[in-house]
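Please read the structure below before turning to the comments.
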Amino acid sequence: MSFAEEAKSDVPTLPGTHSGIPPFLLEKARRAKAGIFEGRTKPQKERQRLPVVPQGIERDDFLKALAELKELLGDGNVEINDKPLRDGWYMEHPNTHDMMTILDEEEFVASAVVYPGSTEEVQQVVLWANKHRVPIFPISMGRNLGYGGAAPRVRGSVTVDLGRRMNKILDINAEDYTCLVEPGVSFYALYEALKERGLEEHMWIDTPDLGGGSVIGNTVDRGVGYTPYGDHWACHSGLEVVLPTGEVIRTGMGALPNNNTWQAFPYGFGPYSDGIFSQSNFGIVTKMGMTLMPNPGGYESFMYTFPNDDDLAQLIDIIRPLRISNILENVAQVRHVTQYIAASGHPRSKFYTGPGPVPQDVIRAAAAETPVGDHAWAYYGMAYGPAHIRAHKLALIDREFRRIPGARRIDPATLPADEYFWSRDRVARGVPDIHELRWVNWAPNGAHIAFSPVSPIRGADARRLFALGRRLHDKYGIDFFPAFCVGLREMHLIVEIVFDRDDAANKAAALACLRDLVDEAAREGYGEYRTHLVLMDQVAGTYSWNDGALMKFNERLKDALDPNGILAPGRCGIWPRRYRGRGWEMTRESGERSEGNGVEPA
Ligand code: EUG
């Protein structure tokens with residue numbers, strides 16, 4: 001397909017394509033696609049000597065091993081990655097590389113992709129990888145965008161695309177409010193399934209800002225959504241996991257044959273094993289249970305704006321007691337006006353063509369022209385329950401928020417249908433959306449990568465992180481998009497850096513800025529809750545208490561569970577024995593090279 005054909009082809013939909021858009025979002029997705037391809041100039045590069053062979057195996061042996069894999073799973077279920085790397089876009093994303101790469105696109109690149117169709121076939125792939133000492137990298141949907149997408153950490157890994165053939169909703173239990181899903185079930189697909197069964201008024205899902213991700217993938221990476229069930233990991237119950245040596249386990253009650261509580265009681269008996277399968281490389285999750293939320297009997301979004309950057313600290317201190325006592329009930333977002341303007345979907349060049357970050361007076365003038373009006377911060381929240389219960393909570397919130405001079409409650413009735421507020425409204429009641437994609441158009445060939453530190457819900461901390469982010473973004477000439485996602489007793493600050501992935505200088509500045517952000521934040525006691533492939537070693541290195549005791553423990557687990565080091569080596573900074581001490585870690589000093597110097601011979 002040529003670039004022009006790709007731009008013109010229609011957006012794939014559910015249920016025909018497991019990773020497709022639900023029909024109710026199709027028009028919106030078409031417009032998003034048109035906008036993205038309008039701003040795209042990046043050419044496709046010629047490729048050399050394919051497939052990329054992972055270190056530790058000779059080219060001929062590798063090709064023979066791939067032929068054997070085809071015998072095992074069928075010719076059509078193994079694809080060599082020997083075509084030009086096509087970036088696509090959110091709804092038609094590649095499974096071969098990071099479509100938003102901050103390095104050369106050939107760094108985090110797969111040699112081949114395999115499509116298992118069952119847990120047994122995942123076991124076969126794992127046994128094959130052990131036999132040939134080939135690194136494999138499992139993905140569910142591959143939409144972990146901003147954190148590496150579908151890309152493997154080790155160049156030439158074989159991507160195990162679980163989602164393409166393992167995308168069934170195995171159960172929706174309308175009495176217990178639970179479901180059981182396979183890796184290829186997106187938030188879009190789960191929502192559609194509830195609608196199909198006429199259950200969407202009865203029970204809600206919890207969706208991230210964008211709904212195209214895998215429920216399993218997002219949850220095991222400890223992603224966040226915006227209803228009271230926003231902590232996805234806390235809301236899961238029960239895993240089925242293929243271990244790196246090929247055995248299958250079920251965790252929690254799943255270990256009891258004929259049990260009837262796998263999705264209802266997450267712990268079972270004995271050590272709670274699930275934790276080691278989140279943000280790790282200790283197993284491949286092939287099934288997961290998830291709790292669903294009962295319809296609370298009403299809901300009501302609200303939005304407040306605050307006029308000054310400096311209002312942040314007071315606002316966060318007001319939020320803390322309200323959030324901990326559950327007057328503020330959901331994972332809300334406190335967003336800076338710069339990101340609000342970017343979410344208009346217009347490129348940055350519409351507002352400013354000079355060097356460095358867009359000046360704040362330009363941003364503020366643009367905000368003044370919007371239906372929301374001029375502001376520095378906006379709080380997007382939702383109250384749940386019947387009207388009289390909401391009224392009680394909303395009155396308390398109103399009284400508290402108005403202590404900030406210049407605070408304004410925005411009347412939703414004044415906002416047009418395509419205003420960003422309504423996207424937050426849908427997401428906070430579990431209706432997945434695609435609106436959030438708009439700010440990616442801020443840069444031509446727009447890509448994004450996140451800095452995501454955790455902080456207490458305290459004004460002084462918010463102020464410190466905001467100042468740190470602003471200073472380092474200014475240093476590198478980058479626009480600063482902070483959004484605080486407020487959990488129960490902590491908040492995730494999400495800073496997405498938007499860059500032109502065809503502009504080497506822009507990418508280098510973004511990466512240098514991120515490395516400074518991680519280091520300086522760690523010095524002040526802030527650590528990331530999740531990170532991109534390129535930053536995993538650095539972030540893991542900040543969790544260094546007691547001479548790196550936690551990483552030593554993780555390495556012991558890794559070596560015990562995966563003695564040949566085949567499963568996602570390097571993921572979350574955990575390197576198997578075969579790779580250690582050979583320069584595989586990526587740091588500021590290692591520059592942009594993702595590979596080390598060989599692996600220990602088999
Ligand atoms: C977002 C939220 C995240 C994250 C990355 C991006 C949304 C940006 C709360 O977690 O990790 C608008």
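The values are calculated or read from the model by the stated rules, or taken from the named source; none is laboratory data. Computed from a predicted structure; not experimentally measured. All Cβ positions, glycine included, derive from the backbone under ideal geometry; neighbour counts span all protein chains shown. For accessibility, only protein heavy atoms count, side chains too; no ligands or nucleic acids. Shrake-Rupley method; radii C 1.70, N 1.55, O 1.52, S 1.80 Å.
I'd like to know if segment 18-33 contains one or more residues that are open to solvent by 50 Å² or more (accessible area, probe 1.4 Å), outside the structural domain of TRP584 (by TED's automatic domain parsing) and in contact (Cβ under 8 Å) with a residue 40 or more places away in the chain.
Residues of segment 18-33 that are open to solvent by 50 Å² or more (accessible area, probe 1.4 Å), as a first pass: 23-24, 27, 30-31.
With outside the structural domain of TRP584 (by TED's automatic domain parsing) added as a condition, the list becomes 23-24, 27, 30-31.
From what is left, the residues that are in contact (Cβ under 8 Å) with a residue 40 or more places away in the chain are none.
No, because not a single residue in segment 18-33 is open to solvent by 50 Å² or more (accessible area, probe 1.4 Å), outside the structural domain of TRP584 (by TED's automatic domain parsing) and in contact (Cβ under 8 Å) with a residue 40 or more places away in the chain.
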What single numbered condition from (1) touching a residue at least 40 places away in the same chain (Cβ under 8 Å); (2) farther than 26 Å from TRP89 by Cα; (3) not in a strand (DSSP E or B) fails to hold for MET491?
-> (3)
If a residue has to be open to solvent by 10 Å² or more (accessible area, probe 1.4 Å), in a helix (DSSP H, G or I) and either free of Cβ contacts under 8 Å to residues at least 24 places away in the same chain or within 15 Å of the ligand (Cβ to nearest atom) (or both) to count, how many in segment 464-488 make the cut?
-> 3
Looking at (1) assigned by TED's automatic domain parsing to the domain that holds PHE421; (2) in contact with a Lys or Arg (Cβ under 6 Å, 6 or more places away or on another chain); (3) within 16 Å of the ligand (Cβ to nearest atom), which is the only condition TYR304 fails?
-> (3)
Which residues, taken from segment 329-352, are away from the ligand (no atom under 16 Å from the Cβ) and among the hydrophobic types (A, V, I, L, M, F, W, C)?
-> PHE351
Of all residues in segment 355-375, which are farther than 24 Å from PHE499 by Cβ and either in contact with a Phe, Trp or Tyr (Cβ under 6 Å, 6 or more places away or on another chain) or open to solvent by 20 Å² or more (accessible area, probe 1.4 Å) (or both)?
-> ALA365, ALA368, GLU369, THR370, PRO371, ASP374
For segment 543-589, how many residues meet the condition of being surrounded by 15 or more Cβ atoms within 10 Å (Cβ to Cβ) and under 28 Å from GLU524 (Cβ atoms)?
-> 12
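So which residues in segment 146-183 are surrounded by fewer than 24 Cβ atoms within 10 Å (Cβ to Cβ), in a loop (DSSP other than H, G, I, E, B) and away from the ligand (no atom under 16 Å from the Cβ)? Working first, answer last.
Step one: list which residues in segment 146-183 are surrounded by fewer than 24 Cβ atoms within 10 Å (Cβ to Cβ), which gives 146-147, 155-156, 164-165, 167-178, 180.
Then keep just the ones that are in a loop (DSSP other than H, G, I, E, B); that gives 146-147, 155-156, 164-165, 167-168, 174-177.
Answer for segment 146-183, where residues must be surrounded by fewer than 24 Cβ atoms within 10 Å (Cβ to Cβ), in a loop (DSSP other than H, G, I, E, B) and away from the ligand (no atom under 16 Å from the Cβ): ARG155, GLY156, ARG164, ARG165, ASN167, LYS168, ALA174, GLU175, ASP176, TYR177.
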Determine which single condition ALA332 fails, assuming it passes every other condition in (1) among the small types (Gly, Ala, Ser); (2) out of contact with any strand residue (DSSP E or B) (no Cβ under 7 Å at 6 or more places or on another chain); (3) on the phi < 0 side of the Ramachandran plot; (4) open to solvent by less than 30 Å² (accessible area, probe 1.4 Å).
-> (2)
For helices (runs of 4 or more DSSP H) lying entirely in segment 353-446, having 1 or more residues that are within 16 Å of the ligand (Cβ to nearest atom) picks out 420-428
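For segment 519-541: of the residues being over 23 Å from THR219 (Cα atoms) and surrounded by fewer than 21 Cβ atoms within 10 Å (Cβ to Cβ), which is nearest to the ligand (Cβ to nearest atom)?
ALA522
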Are there any pairs with C-beta distances below 9 angstrom linking a residue in segment 364-376 that is more than 13 Å from PRO416 (Cβ to Cβ) to a residue that is assigned to a loop (DSSP other than H, G, I, E, B) and of a type in the set (Phe, Trp, Tyr), with the two at least 6 apart or on different chains, and if so which?
-> ALA365/PHE351; ALA366/PHE351
